[in-house]
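The values are calculated or read from the model by the stated rules, or taken from the named source; none is laboratory data. Quick caveat: nothing in here was measured; it's all calculated off a predicted structure. Cβ placement follows ideal geometry from the backbone for every residue including glycine, while neighbour counts extend to all protein chains displayed.
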């Protein structure tokens, strides 16, 4: 992969990073857009495959993936 593309992607990921109590994390909905997935169901399949890979690597899935809900602000139309 082109070094310029890697640098750009790294900066983009860093811009979407959140920190709480020293832990860095990203929201899947943000990553979905960064990675070019237009439909959540397609990205969810990728997340499931990633969890399976984590398990196959003898890693604890919950150490790397946490299910969260993000409130949506009600907007008046």
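Tabulated data
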item	result
Residues of segment 21-31 satisfying the condition of being exposed (fewer than 10 other Cβ atoms within 10 Å of the Cβ) and within 22 Å of residue 47 (Cα to Cα)	23, 24
Residues being over 19 Å from residue 65 (Cα atoms) and in contact with a helix residue (DSSP H, G or I) (Cβ under 8 Å, 6 or more places away or on another chain) - total across segment 22-36	0
Answer residue from segment 1-21, given it is out of contact with any helix residue (DSSP H, G or I) (no Cβ under 6 Å at 6 or more places or on another chain) and part of a loop (DSSP other than H, G, I, E, B) and is farthest from residue 33 (Cα to Cα) among those	21
Of all residues in segment 56-77 being surrounded by 12 or more Cβ atoms within 10 Å (Cβ to Cβ) and either over 14 Å from the mean Cα position of the chain (by Cα) or not in a loop (DSSP other than H, G, I, E, B) (or both), the one that is modelled with the lowest pLDDT	61
